[in-house]
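The values are calculated or read from the model by the stated rules, or taken from the named source; none is laboratory data. Please read all numbers here as calculations on a predicted model, not as lab measurements. Cβ placement follows ideal geometry from the backbone for every residue including glycine, while neighbour counts extend to all protein chains displayed.
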Amino acid sequence: MRKRMIFLSLSVATLVQSADLDKVVVEEQINTVTVKNVGSEELKSADLAEALVKNVPSASLVRRSGIANDIILRGQKRDNINIIIDGTKVCGACVNRMDPPTSHVATHIVENVEIKEGPFDVEHFGTLSGLVNITTKEPQSDFGGEINLNAGSFGYQKGSLTLHGGNEDIKALFTIAKEKGEQYEDGNGDNFAQQLINATTGTTSKGIQFQPKYEDMDAFEKTTFMAKIFGHISDDQDIKVSYTGSRSDNVLYPSSKMDAVWDDSDIINVEYEIRNIGTYSKALNFQAYNSQVDHPMSIIYRKKAVATNPANGQPFGDITNHLTTEMKGYKLKNSFDISNTYVTVGLDTSTRNWDGQYYKSVGGDYMRFPGGDSQGQIKRSLHDAESVNKAIFLKTSSKINSVDLDFGARFDDTEVENGGSAQNNDYSSVNANVFATINASDSLRYFAGIGKSSRVPDPRELYFMSSGSSSATTLVGTPTLDQTTNYEIDLGFEKVYDSFSIKTKIFYSMLKDYIYFNGSKSPAVNVFENIDATIYGAEVSGAYLATDSLYMDYGIAYKKGEKDDPIARQTDTDLAEINPLKANIGIGYDYDHSLSAKLDMVAVADWDDYDADNGEQALDGYTVLNLKVNKEFSNGIGLTFGVDNILDEAYATTNTYRDLTLITTGTAAGTAVDDVMLLNEPGRYFYLNASYKF
């Protein structure tokens, strides 16, 4: 009976068992999905993107490697969705998206992930079509900790240690994890090196295969650490200080032309809150943060690095694009009550610097490219580009009879400058949204939201310069881009029965001046363009509780994306990266609060609607089954056994839109064809995790 009451009161999309057990729960509010207890349950690897795709039907994976993968949310990725870690904005340094924001936090330190789809966030800069808000674990006042040891297929090994303790005035947490993995094998038994060989049979493309001495090297090594100190200054004052560091080495990206030599990030975050200052200040919050990423990507492991250029008989040499980015942000917000309305007003400002430099080496010694300026300047991929945003925002939440009404507005002023000769840009926008929930009864709710949001072009889209082995650079970016604006409406309802829940929602998004990659330009100069497009779709989710121990959860998501008109020199009106119909269905069983098992199915239809003019291709649909069994013992020891992709299916979930620089395959000597390498997902994967809590 207790589970039925929890089910009825929480209205969840995935309910795994009662709240006193530490299991993953996907809890749906009207316009927000929250994946809880991530660090305790998502044990397969450090990749947060994989965990989100398993639990959220509207999320899809962009597979790049064994870790550091990206997500697509409602057909949107990159800067079109906003990913926040503990309120901080973390940006990857790689122009080819090898280090998305989700790669700078490991799953074992994540507590919850809140996903708000649509333009309904005004507190953070650049939320165009969705917000992914990641919250990491917090210190506890009692002394304790947890040790985890994990082993899996393809040589995966991970160990983590977490310690926490303190008293009512000060408490701290420290955690560290180390992990590594070999190249995974797909359902055909091919590892990264073999998938690359299979895709590159022509002479012209063999240069991007791995050198023989690197064909069996590990796919990645990663170390993550975090320290937090929370201070309770008085009954009305608290301060929080945290540091998160991530160190990834030798990360292989087989479908890209380069690999990451290392990928390092550092995040410092300080938050201060004072409460009950007066009638118009129930809570005053100040936050300051700094995040930095250091990322060199290189061809050092590929055959081309040691090959001879037939044009001049000289070695090609190793080419490295060393990129760094830094994000600094400050936020001040004040909250108070007016009648039955809760009001928050705030100031938000951030500065991002992004710089990239090309190096070339022969025999391991870095050299400057020829053709630099009189000071011997090396070639740049990004020339000290800087984005400065200043904003003011307002949020209100009120209740009028049976209606919950949320309103938000934000004004942004943003300057984007660079150290080169390309033009600087100044953007401003006013964004707003309103979201209403009608509580028809205790078990039935209707909702509707309408909003407008914007995001400015990033320095890659404006100023990125590509380079070969010569002294010349090509301006791939388009400095004249306008900002993108999303006008969207969301509608739906939620009904909860005694043992069953269903939630449906539909959305329609009109994207004005949407920033899009034009793959038909030759040479590839100013390849980013503003277009108009629409994305619309529907989602259905819910759960069924058969008994106090047996349950099922489900989620289905469909979307369609179209350009209003074809791009110049093209005819295709399909929008890229609009994943096909996807279903997540899980059946779980819990016994005596200590033993649980879950069988999940992820099924995706054939990818029939795709942007062939910009490099996408038809993909077969797939059905993947995953099993996980967990046993908790009374002495603090826990064991988790799992099998992903039980049927060992060979499939690809990520398409080949040209906004990523991927490998173009060749079919004959001296011939390259317009086919882009697909990277298959891992085959059957076994894992075992042992934990001890004290």
Looking across the range 429-448 at residues that are closer than 30 Å to Lys390 by Cα and β-branched (Val, Ile, Thr), the single one that is surrounded by the most Cβ atoms within 10 Å (Cβ to Cβ) is Val434
Flagged in the range 53-105 as under 9 Å from the mean Cα position of the chain (by Cα), surrounded by 24 or more Cβ atoms within 10 Å (Cβ to Cβ) and assigned to a helix (DSSP H, G or I), in numbering order, are Pro101, Thr102, Ser103
Within the range 312-347, restricting to residues that are among the small types (Gly, Ala, Ser) and closer than 23 Å to Val388 by Cα, the one that is surrounded by the fewest Cβ atoms within 10 Å (Cβ to Cβ) is Gly346
Determine, yes or no, whether Gly207 is touching a residue at least 24 places away in the same chain (Cβ under 8 Å), among the small types (Gly, Ala, Ser) and assigned to a loop (DSSP other than H, G, I, E, B). no
Answer yes or no as to whether Gly356 is small (Gly, Ala, Ser), crowded, with 20+ Cβ neighbours inside 10 Å and within 28 Å of Met258 (Cα to Cα). yes
Would it be correct to say that Asp406 is at pLDDT 95 or above, in a strand (DSSP E or B) and over 20 Å from Thr484 (Cβ atoms)? yes
His295 passes all but one of the listed conditions (1) over 18 Å from Leu323 (Cα atoms); (2) assigned to a strand (DSSP E or B); (3) in contact (Cβ under 8 Å) with a residue 60 or more places away in the chain; the exception is number (1)
Ala472 meets each of (1) exposed (fewer than 15 other Cβ atoms within 10 Å of the Cβ); (2) within 30 Å of His322 (Cβ to Cβ); (3) modelled with pLDDT of 95 or more; (4) among the aliphatic types (A, V, I, L, M) with one exception, condition (3)
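Condition check ((1) more than 19 Å from Asp264 (Cα to Cα); (2) among the aromatic types (Phe, Trp, Tyr); (3) in a strand (DSSP E or B); (4) touching a His at 6+ places or on another chain (Cβ under 6 Å)) across all residues:
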residue: Gly313; (1), (2), (3), (4): yes, no, no, no
residue: Ile319; (1), (2), (3), (4): yes, no, yes, no
residue: Thr324; (1), (2), (3), (4): no, no, yes, no
residue: Gly329; (1), (2), (3), (4): yes, no, yes, no
residue: Asn334; (1), (2), (3), (4): yes, no, yes, no
residue: Asp337; (1), (2), (3), (4): yes, no, yes, no
Looking at the range 170-179, is at least one residue aliphatic (A, V, I, L, M), within 25 Å of the chain's Cα centre (by Cα), more than 30 Å from Ser454 (Cα to Cα) and surrounded by fewer than 20 Cβ atoms within 10 Å (Cβ to Cβ)? yes
Checking Asp592, Asp609 in turn, the sole residue that is surrounded by fewer than 16 Cβ atoms within 10 Å (Cβ to Cβ) and acidic (Asp, Glu) turns out to be Asp592
| Has the range 611-622 got any residue that is assigned to a strand (DSSP E or B) and under 27 Å from the mean Cα position of the chain (by Cα)? | yes
Note on the range 563-580: residues crowded, with 20+ Cβ neighbours inside 10 Å and part of a loop (DSSP other than H, G, I, E, B) are Ile567, Leu575, Ala576, Glu577, Ile578, Asn579
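Every residue, every condition in (1) touching a Gly at 6+ places or on another chain (Cβ under 8 Å); (2) part of a strand (DSSP E or B); (3) surrounded by fewer than 20 Cβ atoms within 10 Å (Cβ to Cβ), yes or no:
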site: Lys495; (1), (2), (3): no, yes, yes
site: Ile502; (1), (2), (3): yes, yes, yes
site: Ile506; (1), (2), (3): yes, yes, yes
site: Lys512; (1), (2), (3): no, yes, yes
site: Pro523; (1), (2), (3): no, no, yes
site: Ala533; (1), (2), (3): yes, yes, no
site: Tyr544; (1), (2), (3): no, yes, yes
Practice prompt. Would you check if Leu382 is among the aliphatic types (A, V, I, L, M), crowded, with 16+ Cβ neighbours inside 10 Å and touching a helix residue (DSSP H, G or I) at 6+ places or on another chain (Cβ under 6 Å)?
Written response: yes
Might you check whether a residue that is within 27 Å of the chain's Cα centre (by Cα) and free of Cβ contacts under 8 Å to residues at least 60 places away in the same chain occurs anywhere in the range 570-579?
yes
Sole miss for Lys303 among (1) more than 29 Å from Arg97 (Cβ to Cβ); (2) in contact (Cβ under 8 Å) with a residue 60 or more places away in the chain is condition (1)
Those residues of the range 116-128 which are assigned to a strand (DSSP E or B) and either in contact with a Pro (Cβ under 9 Å, 6 or more places away or on another chain) or surrounded by 24 or more Cβ atoms within 10 Å (Cβ to Cβ) (or both) amount to Glu117
request  = Scan the range 185-199 and give yes if some residue there is on the phi > 0 side of the Ramachandran plot, more than 20 Å from the chain's Cα centre (by Cα) and modelled with pLDDT of 95 or more, otherwise no.
outcome  = yes
Condition set of a type in the set (A, V, I, L, M, F, W, C) and in contact with a Leu (Cβ under 8 Å, 6 or more places away or on another chain), scope the range 129-142, selection surrounded by the fewest Cβ atoms within 10 Å (Cβ to Cβ): answer is Val132
Counting only residues in the range 96-129 that are more than 29 Å from Ala409 (Cα to Cα) and hydroxyl-bearing (Ser, Thr, Tyr), the one modelled with the highest pLDDT is identified as Ser103
Inset, instruction - Please work out if Ser234 is out of contact with any Cys (no Cβ under 8 Å at 6 or more places or on another chain), farther than 23 Å from Ile109 by Cβ, among the small types (Gly, Ala, Ser) and buried (at least 16 other Cβ atoms within 10 Å of the Cβ). - result: no
Tyr622 - would you say it is crowded, with 19+ Cβ neighbours inside 10 Å, in contact (Cβ under 8 Å) with a residue 40 or more places away in the chain and either among the basic types (Lys, Arg) or within 21 Å of Ile72 (Cα to Cα) (or both)?
no
Scanning the range 432-453 residue by residue, those in contact with a strand residue (DSSP E or B) (Cβ under 8 Å, 6 or more places away or on another chain), over 16 Å from Tyr508 (Cα atoms), in a strand (DSSP E or B) and not hydrophobic (A, V, I, L, M, F, W, C) turn out to be Thr437, Asn439, Arg445, Tyr446
Only one of Asn276, Asn290 is part of a strand (DSSP E or B) and either surrounded by 21 or more Cβ atoms within 10 Å (Cβ to Cβ) or more than 30 Å from the chain's Cα centre (by Cα) (or both), namely Asn276
Taking the range 37-93 and keeping residues of a type in the set (S, T, N, Q), at pLDDT 90 or above and under 28 Å from Ala193 (Cβ atoms) leaves Ser60, Ser65, Asn69
Within the range 581-597, residues modelled with pLDDT of 95 or more and either of a type in the set (D, E, K, R) or in a loop (DSSP other than H, G, I, E, B) (or both) come out as Leu581, Lys582
- Query: Taking the stated definitions as given, is Asn635 assigned to a strand (DSSP E or B) and at pLDDT below 95?
  - Reply: no
